[in-house]
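See structure below.
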Amino acid sequence: MTAPVKGPASYFPSIEKKYGRPIAEWQELIRTAPLTRHTELVNWLKTEHGLGHGHANALVAHTLAGSGGA
């Protein structure tokens, strides 16, 4: 039996369902964004792409943690 997904990744199924894009696409947007700071990226996703705060925060946190970002 697999353990339930915890942390930011637990939001991924609802993000894909609500916004219609795969997580890999969101992560690529974050990695190639002209911004680098967590809060700037969250605000950018919210204003430019219409994500809610929790979803944007989860994507940025998971992406930056995986890439050694700020």
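The values are calculated or read from the model by the stated rules, or taken from the named source; none is laboratory data. Bear in mind that the values here come from a model prediction, so they are computed numbers and not experimental data. As a convention, Cβ positions derive from the backbone with ideal geometry for all residues, glycine included, and neighbour counts pool all protein chains shown. For the accessible areas, the whole protein counts, side chains as well, though only heavy atoms, and no ligand, DNA or RNA atoms are used. Shrake-Rupley method; radii C 1.70, N 1.55, O 1.52, S 1.80 Å.
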Look at Thr2 and say whether it is of a type in the set (S, T, N, Q) and surrounded by 18 or more Cβ atoms within 10 Å (Cβ to Cβ). no
Cβ pairs under 7 Å, 6+ apart or interchain, first in region 19-36 and open to solvent by 60 Å² or more (accessible area, probe 1.4 Å), second assigned to a helix (DSSP H, G or I), ordered by first then second residue, are Pro22/Glu16; Arg31/Thr63; Arg31/Ser67
Quick check: anything in region 45-68 open to solvent by 80 Å² or more (accessible area, probe 1.4 Å), part of a helix (DSSP H, G or I) and among the hydrophobic types (A, V, I, L, M, F, W, C)? yes
Going residue by residue through region 21-34, is there one that turns out to be at positive phi and outside any loop (DSSP other than H, G, I, E, B)? no
